[in-house]
Amino acid sequence: DKSGVEVPQPTIVKSILKNSQKDGGSKGIQWDEANLTYNEANKSAKMKIDEPPTPYEYDSDEEHRLEAETDANTKLNAALKEIEDDPAERKTASFAPSEEEQEKESEFKKKRKQHY
């Protein structure tokens with residue numbers, strides 16, 4: 001141009017697959033490696049995606065976190081002091097089902113047998 005401004009020329013977009021009809025039939029896909037390399041080299045920059053604002057407020061205050069940890073540690077230490085030192089004196093939880101639970105289970109099994 002006479003104004004001194006360079007106008008970019010339109011680029012020709014080529015397919016990334018080559019036509020392989022010359023051999024009398026297609027035996028599969030043949031990639032145009034030169035065009036793939038060219039496209040990879042001339043890629044535009046990636047778009048940065050910003051996180052949308054959310055109603056959740058991140059608590060960055062270190063003191064609140066330390067208070068919560070200290071409170072949890074205090075509760076844990078109190079619970080540990082309540083545990084008996086002698087294992088024979090400790091209360092154990094019973095994992096055996098109660099009579100009511102056994103009755104419900106047997107009733108359920110009967111109904112299941114009738115259904116199937």
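The values are calculated or read from the model by the stated rules, or taken from the named source; none is laboratory data. Treat the numbers as computed from the prediction; the structure is a model and nothing was measured. When the accessible area is computed, the model is the full protein with side chains, heavy atoms only, and any ligands, DNA or RNA have been set aside. Shrake-Rupley method; radii C 1.70, N 1.55, O 1.52, S 1.80 Å.
Remarks
- Flag if Tyr58 is of a type in the set (Ser, Thr, Tyr), modelled with pLDDT of 70 or more and open to solvent by 80 Å² or more (accessible area, probe 1.4 Å): no
- Residue within segment 10-33 that is assigned to a helix (DSSP H, G or I), polar (S, T, N, Q) and modelled with pLDDT of 65 or more present: no
- Residue, modelled with the highest pLDDT, within segment 81-97, restricted to residues that are assigned to a helix (DSSP H, G or I) and open to solvent by 100 Å² or more (accessible area, probe 1.4 Å): Lys81
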